[in-house]
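The values are calculated or read from the model by the stated rules, or taken from the named source; none is laboratory data. The shown structure was predicted, so the numbers you read here are calculated from the model rather than taken from an experiment. So basically every Cβ, Gly included, is an ideal-geometry build from the backbone, and we count neighbours across all protein chains shown.
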Amino acid sequence: MRMFKGKEKGFTLIEMMIVIVIIGVMTVVVGIKYRDYKDKLT
């Protein structure tokens with residue numbers, strides 16, 4: 001187990017990649033839902 005003195009500042013590359021993937025997935029889901037909603041209106 002690693003012990004850290006104080007808080008680490010900044011983000012690691014892995015953390016940044018995970019956040020980018022989550023945002024990308026959410027964007028795709030919202031885009032699909034919006035397209036389906038728009039198709040129902042017409």
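Close contacts from region 7-20, counting a first residue that is part of a helix (DSSP H, G or I) and a second that is of a type in the set (Gly, Ala, Ser) and at pLDDT 95 or above, with Cβ to Cβ under 6 Å and a gap of 6+ residues or different chains, come to none at all.
From the list ILE14, ILE22, the one residue that fits, being surrounded by 10 or more Cβ atoms within 10 Å (Cβ to Cβ) and either within 23 Å of the chain's Cα centre (by Cα) or at pLDDT below 95 (or both), is ILE22.
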